[in-house]
Amino acid sequence: MSFDPHTIEHLGVKMYSVLPNAIAELIANAYDAEAEVVNIELKDDEGEKSISVIDDGVGMTFEEVNDKFLRIGRKRRNEDNGVSHSGLRKVTGRKGLGKLAFFGIGDTINVETKKNGECIKFTLRWNDLINSVTPEYEPHFNISDCDPEETGTTIKLEDLKRKSSFNKYDLAVSLSKLFNFFDDSFNVYISCNGDEKLQIDDNLKYSNLDKQIEWIFPNNFDIPNEYLDEKQVSGLIMATEKPLKPGLRGITLFAHGRLVNAPEFFGVGESSHGYSYLTGWMNVDFVDELEEDVISTDRQSLNWDLPITTELRDNLQNLLRDIERDWREKRKVEKRKRVSRKVEINVEEWYSKLPESVQSSVEGIVNSVIEDSELSDEKQSEVVDLLHSLIPEYPYYHWRHIHPTVRDASYEDYKKFDFYRAVAETIKRYKERVQSKSNLSKDGMDLMFNAFGEKGVLSVTKKFKKYDGTEFSKTTKEDIEAGQQHISAGVMVGVRNPLAHEEIVELRKSGLFTEKDCLDMLSLLSHLFRRLDDAEKSV
């Protein structure tokens, strides 16, 4: 191994001091070696701490160890045409620096690899390497025979710099976010101190997120983006029900299954409230196939200063703007559905039954409560329910405090905008009630003049007395009785029934009998019904 010790220290220890990123290099090596199964074994028992990564890949010969594995900065894409041993996979390694990641977390690296009936073991020690007086380092090694059918590589990291205990699940989640190539042909497992293995796969990436809406690009995305389509960019972006923590927000970029840009929004207006709900990933394989290397050494970001990446960033910004707008509309619909289910109110239908002068105000309040606030569903539902009780469908009708009998007789016709018939049917109901209570068979004005008034058979004031128990004056009673008589007689002629449908429509269109006339008449009839409810026989 030829090296400059200071370069090794910078690229290894300082760049890969984060545990998931260092282990990721070992997983990537296994993938490039065409492994189907990788086991990560964490040991944290009785003061001994180590990390072993075991794969069933093709392994390495003695020559391959020296010429490829131990060679710093080998341009693998040039030598292997960018594909794995048998051409089954597009390799993820590019710079030949990933092996230095091992020293970022441990001072002793034990390697065992099997291929073609040979088992090669060697150990790399950080102190020996960094203190070497020559620019070459020769690890201690041993070669022995093994079964020719046995292949694969085991790398064990010891003398770890990490002192804290391992958290298997958290490490698995972190590793799942660094790759996008987990499938049935590449399975990775992790265990700690021999406990049950946990599979690392794409499901872990967003396992704890409460997903609400997702966009699969380009399959179910309505707004085309020619640039991204041409570059065969694909991905999944999702929105959660509640704002994400800062570390979970943003879109991750992968190339050939490996992270090449940490989650971000690529300079688009991240101050917008909507971006705090978005996360996901995009496959941008083409950036890993460019002649110019645009991926940073630590694989955390692309070089965004180049024309090719600037164009990518601009189109990703456009895509995210489209998604943020679509999110607002879809979230609005989703939240309305949830609230509607909770309060059993169809919000859209409710709006449609409000007068224009009221609708805009109600919609503004509901939008503020449902779409622009972070109130819980329960609180949102409570507010909408209260608002609905104050401003129900057809509020002008309900605000009149219509008498129950008037409501029963008029509501269906009122909802159909048949205002004249609503009043006519209510007057018929009033006439029938007066006939029943007075035992009179007369009709129209004649009925009302005989049922009410000074000589009528019914009295609407008989049962009432002053607060102190004394009688109202005779004049007061006569005036109220006469009012009931004349108003009742007036409504009998105020609406003529039956009337041709065409005439009814013309009454409404011309303004001669409008919704307001209907409501005024229904209020008046409600007054008459309430008086009639209190009426008693005069004698």
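Please treat every number below as a calculation from the coordinates, not as lab data. Values in this document were obtained by computation on a predicted structure and should not be read as measured data. Counting neighbours? That spans all protein chains shown, and the Cβs are built from the backbone with ideal geometry, glycine included.
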Links that overshoot a 26 Å alpha carbon limit, given the list Lys161/Lys242; Lys168/Lys211; Lys332/Lys416; Lys161/Lys197: Lys161/Lys242; Lys332/Lys416
Point-to-point label distance, Asp159-Ser352, nm (Cα→Cβ direction, 7 Å offset): 7.6
Spin-label proximity, Asn187 to region 196-219 - amide N less than 18 Å from point 7 Å beyond Cα toward beta carbon: 196-204
Partner aspartates and glutamates for Lys121 [C-alpha distance under 12 Å; skip if fewer than 8 residues away on the same chain]: Glu112, Asp145
Nearest-ten-degree value, helix 356-370 long axis tilted from longest Cα axis of the chain: 30
Sorted by Cβ neighbour density within 10 Å, fewest at the top, the residues Ile109, Ile130: Ile130, Ile109
Spatial separation of Cα centroids for region 24-46 and region 141-205, in angstrom: 3
Per-residue Cβ neighbour rank within 10 angstrom, fewest leading, Met60, Met445, Met282: Met445, Met282, Met60
FRET E, pair His140, Glu226, Förster distance 60 Å, beta-carbon r, rounded to 0.05: 0.55
For region 445-504 and region 228-275, distance of Cα centres in Å: 74
Farthest toward positive dipole pole in the chain [+1 Lys/Arg, -1 Asp/Glu at C-beta], among Pro20, Pro263, Gly117: Pro263
Cα-only radius of gyration and Dmax that characterise region 398-537, units Å: 16.2, 55
Computed log₁₀ I(q)/I(0) - Debye formula, equal Cα scatterers, no solvent, region 211-328, q 0.15, 0.17, 0.18, 0.23 Å⁻¹: -0.63, -0.81, -0.91, -1.47
Contour minus Cα-Cα distance for Lys442 and Glu382 (0.36 nm per residue): 16.4 nm
Convex hull of Cα atoms in region 459-531, direction-averaged projection (nm²): 6.2
Proxy reagent accessibility, fewest Cβ within 10 Å first, across Trp126, Trp215: Trp126, Trp215
Proximal lysines to Lys90, defined as alpha-carbon separation beneath 20 angstrom and excluding residues fewer than eight positions away on the same chain: Lys68, Lys75, Lys99, Lys177, Lys231
Unpaired by the 4.7 Å Cβ criterion, cysteines found in the chain: Cys192, Cys518
Ratio Rg/Rh, restricted to the chain and using Cα atoms, in which Rh is the Kirkwood radius: 1.34
Kirkwood Rh (inverse of mean 1/r, distinct Cα pairs), region 344-391, angstrom: 11.0
Viscosity 1.306 mPa s, 10 °C: Kirkwood-radius Stokes-Einstein D of region 355-455 over Cα pairs, µm²/s: 94
Packing-based ranking, highest mean first, of 100-107, 464-471 given that Cβ atoms within 10 Å are counted: 100-107, 464-471
The chain, helix-only ellipticity at 222 nm - DSSP H runs n ≥ 4, -39,500 (n - 2.57), divided by all residues, nearest 500: -12000 deg cm²/dmol
HN-Hα J in Hz across region 242-249 - Karplus 6.51, -1.76, 1.60, θ = phi - 60°, x for Gly and Pro: 10, x, 7, 5, x, x, 9, 7
Low-density loop cleavage sites - GluC sites (Glu not before Pro) in region 206-307, where at most 12 other Cβ are within 10 Å (DSSP): Glu289, Glu291, Glu292
Packing-based order for 160-173, 321-334, using average beta carbon neighbours within 10 Å, highest first: 321-334, 160-173
Nearby lysines by direct alpha-carbon distance to Lys442 (threshold 22 angstrom, same-chain neighbours under 8 apart not counted): Lys428, Lys431, Lys455, Lys537
Convex hull of region 265-389 built on C-alpha atoms - directionally averaged projected area, nm²: 10.5
In nm, spacing of pseudo-spin labels at His527 and Phe472 (7 Å Cα→C-beta vector): 1.3
